[in-house]
Amino acid sequence: MAEWICRTLRDGGLEGEHAPALTINHTITCSLGFFVFDHILSQLSSFIHSQKSQSSGIVLVAFSRSPLYYEQLLKSKGYNVSASTWFKVLDCYTDPLGWKSKLANSGRIANDSLGSSVTVKLCKNDLDELFSLILHRGKELSVDGKGRFMVAIDSVSEMLRHASVSSVASLLSELRSHGQVSSLFWLIHSDLHETRATAALEYISSMKATVAVQPMDGLSGNSASLSLMQNNLKRGKFSVHVKCRNGLVKTMVEELNVENSTINFTPFSTEGEVISQSLVPKVQFNLQLSEKERNDRAKVVLPFEHQGDGKNIQIYDGRKSLNESKGDSEQTCFEKEDSGRGEIIYFHDSDDEMPDSDEDPDDDLDI
Amino acid sequence: MVMAANKPRSGSFSRNFGAASSSVPSIPGLKHGPNGTMLLSSGIPDLDKILGGGLALGSLVVVTEDPEAPHHMLLLRNFMSQGLVHRQPLIYASPASDPRGFLGTLPSPMVSKDEKSRVHETEQEKGLRIAWQYKKYIGEHTSESHRGGKSEYCNDFDLRKPLERHFFSGKQIDCVSLKESADLGAFHERCSSFLSQANQNNGNITGGRIAIQSLCSPQCEYSNREWEMLSFVRSLKSVVRLSNAVAVVTFSPSLVSTTFSIRLQHLADTLVSVKAIPDEDKELAKLLTGYQDMVGLLSVHKVARFNTQVPAILETTTFSMKLQKRRSLVLECINQAPVDGATGSSYGSSGSCSGSSKTGSFDF
């Protein structure tokens, strides 16, 4: 499924459509978001390197990690980027507020730039410059300046620190609708922002990936909490929500394992959550009986003589003594009245006599 | 289960519609509604039926979006296409930098040979007369509209075919980009002038349409100023009420605070919401028949009623959206297996596919 995401990003959007955009949610409980970002970046690099993708390169906007880190990452995967034509980095990590250039202007320190990256100053509330820089670097990636490229943004959280939600959202949606951007993906620390900001980003993106804590079973005590922490550093549940073109929503879940800076995705072992119950209106009646209801129904004592289980239930009719009737039913018996006062003599089934059907009951009347 | 009020109330007195319609020449695209209102079509025949004939002139329709699915675009497309086919003035606003591009995706009315298949369906339904006796009254109305002349009140739109060029030649099509306007005051001015122009149209009523897509979209600068957006919608509603137009506004409740969302829903005369459904969900496939063809769910929470105190009570509020032959949008009642427990909730709560909301169920 992570492969599926990488392939979707590699293929990019169709002409006239907005580019697919992936949001990777990084949370404090399971901080594997960076690993996912690196994994996707290296996968896409391999696609570009082996020329399986229609994009000519990647433009990476680095906010939270140094461009050197990425160069080393890709070098460890076997791609040399120092003289690369397919990988450009916009360095917003070193000096986002432009202090060095201000100091350099006043002569305090020397202004030095790093390798293949361009140092970018992030102006407050003005991301248009960043947008044009991204496009400019993207055009450099292809020979004629018209090829499509992918954009990766290291951490949108850093952008949101300096700029407003609406300007960041506007930048991302403009990137999405730009003809030359084939796909883009970004990482966000969802704990750091208000729900409004994360909701806005999810609104703009077409895919959302979250790493959640993998529940561990059956441990208790101090050792459990430590191993839980260790567990969370290495394993997680990777779930992706995809907005399909036809309007349906696809949800996929996988297990994530990080070992020695390599990441593995395996299919999820247990069933997914049931989310459909909330969508459909609940009907007011239920025609099926639950287990408890069935048991209760079987226990009800019906007021008939024969309960269908072979025994005759004696219904207390005031004639028999207490001892005999107690053995048959569990009901409380009333005290038998004194026989001198009068009794009701009732014979069972004594009213089987046919009513006088031939005679007219009005014949008694002497009119 | 059939609810108690499943037929529109009709006493022993019936309104003499014959006299009323003969005094005003029939205008293509408009028809008389109950209680002296005029209606225009939403572009989706099933939705018109559900809403009691169409959208009343002067009403504000609010569509709550689901951020995970573009179904509100389907509704807007049909609404706008219907307006262009009937040559009704249209103003469209969206947060994109170039809203004109959206006009290229508008569907074209379906050709007549496809209509025959629809009439055949209504005739088949008559075979179920015994079980669904009340439907024969509804069946008569649909057969009437199909036997209409060239200009129909509501067209069936083919979503695969784009609208022909000659429909766009009217002067009264305006597109506004919401992103460019820093505040909504300028946009409101534009809407007011549009409406006054539409009203003046040689004294004839044509019915104007205002379509505002994704009002609270995060790209717009005003999107964090909720009171401004709310007062814009309120003044838009008052201006539209005095005119012969219908305004459709869509917004996504996930982007704004709950109180704003509820206030906006209260402002609406007609309130509709669309929901996405998960793909290949086995639970839903067991619960609903016809799940494979469904693309989404549509709920009608409020229906506009003017000049009357009698509310519109619908049989059901939730419908499934299906694309018939991938071309036209149909809305159907959902047939579902009974589930135990009934927890009602207000229409303000949103149960999206990804969230695990416990109160996400609908009124029934």
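The values are calculated or read from the model by the stated rules, or taken from the named source; none is laboratory data. Bear in mind that the values here come from a model prediction, so they are computed numbers and not experimental data. Don't worry about glycine lacking a Cβ; one is built from the backbone with ideal geometry, like all the others, and counts go over all protein chains shown. Note: areas computed on protein heavy atoms with side chains; ligands, DNA, RNA excluded. Shrake-Rupley method; radii C 1.70, N 1.55, O 1.52, S 1.80 Å.
Below are the figures for this structure:
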{"item": "Residue among A:ILE40, A:ILE24 that alone is hydrophobic (A, V, I, L, M, F, W, C), assigned to a helix (DSSP H, G or I) and closer than 13 Å to A:ALA152 by Cα", "result": "A:ILE40"}
{"item": "Subset tally (residues that are modelled with pLDDT of 90 or more and either in contact with an Asp or Glu (Cβ under 7 Å, 6 or more places away or on another chain) or open to solvent by 20 Å² or more (accessible area, probe 1.4 Å) (or both)) for segment B:76-88", "result": "1"}
{"item": "Criterion: within 23 Å of B:PRO109 (Cα to Cα) and open to solvent by less than 10 Å² (accessible area, probe 1.4 Å) - qualifying residue of B:GLY43, B:GLY58, B:GLY52", "result": "B:GLY43"}
{"item": "For B:LYS113: the one exception among (1) in a loop (DSSP other than H, G, I, E, B); (2) more than 29 Å from B:SER193 (Cβ to Cβ); (3) modelled with pLDDT of 50 or more", "result": "(1)"}
{"item": "Breaking point among (1) part of a loop (DSSP other than H, G, I, E, B); (2) within 14 Å of another protein chain (Cβ to nearest Cβ), for B:LYS322", "result": "(1)"}
{"item": "Selected residue (criterion: farthest from the other protein chains (Cβ to nearest Cβ)) from residues of segment A:145-172 that are touching a residue at least 40 places away in the same chain (Cβ under 8 Å) and of a type in the set (Ser, Thr, Tyr)", "result": "A:SER155"}
{"item": "Failed item in (1) open to solvent by 20 Å² or more (accessible area, probe 1.4 Å); (2) modelled with pLDDT of 90 or more, with B:PRO34 passing the rest", "result": "(2)"}
{"item": "Meets criteria (in contact (Cβ under 8 Å) with a residue 60 or more places away in the chain, outside any helix (DSSP H, G or I) and either open to solvent by less than 20 Å² (accessible area, probe 1.4 Å) or farther than 20 Å from A:ASP38 by Cβ (or both)) for A:ILE134", "result": "no"}
{"item": "Test: residue in segment A:91-107 that is at pLDDT 75 or above, within 30 Å of A:GLY147 (Cα to Cα) and in contact with a helix residue (DSSP H, G or I) (Cβ under 6 Å, 6 or more places away or on another chain)", "result": "yes"}
{"item": "Segments classed as helices (runs of 4 or more DSSP H), wholly inside segment B:213-308, with at least 1 members that are of a type in the set (Val, Ile, Thr) and touching a residue at least 40 places away in the same chain (Cβ under 8 Å)", "result": "B:226-241, B:258-267"}
{"item": "Output for segment B:168-184, where each listed residue is of a type outside the set (Gly, Ala, Ser), without any contact (Cβ under 8 Å) to a residue 60 or more places away in the chain and not in a loop (DSSP other than H, G, I, E, B)", "result": "B:LEU184"}
{"item": "Meets criteria (closer than 26 Å to B:ALA312 by Cα, touching a helix residue (DSSP H, G or I) at 6+ places or on another chain (Cβ under 6 Å) and more than 14 Å from chain A (Cβ to nearest Cβ)) for B:SER59", "result": "no"}
{"item": "Residue check for A:VAL156: among the aliphatic types (A, V, I, L, M) and over 19 Å from A:TYR93 (Cβ atoms)", "result": "no"}
{"item": "Residue match in segment B:261-268 (condition: among the basic types (Lys, Arg), more than 30 Å from B:ILE27 (Cα to Cα) and at pLDDT 90 or above)", "result": "yes"}
{"item": "Meets criteria (modelled with pLDDT of 85 or more and surrounded by fewer than 22 Cβ atoms within 10 Å (Cβ to Cβ)) for B:THR122", "result": "no"}
{"item": "Only one of B:GLY170, B:GLY185 that is over 26 Å from B:LEU39 (Cβ atoms), of a type in the set (Gly, Ala, Ser) and open to solvent by less than 50 Å² (accessible area, probe 1.4 Å)", "result": "B:GLY185"}
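For every residue, the table says whether it meets (1) within 11 Å of another protein chain (Cβ to nearest Cβ); (2) over 30 Å from B:GLY52 (Cα atoms); (3) open to solvent by less than 10 Å² (accessible area, probe 1.4 Å).
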site: B:GLN197; (1), (2), (3): no, no, no
site: B:SER223; (1), (2), (3): yes, yes, no
site: B:THR250; (1), (2), (3): no, no, yes
site: B:GLN265; (1), (2), (3): no, no, yes
site: B:ALA268; (1), (2), (3): no, no, yes
site: B:ILE277; (1), (2), (3): yes, no, yes
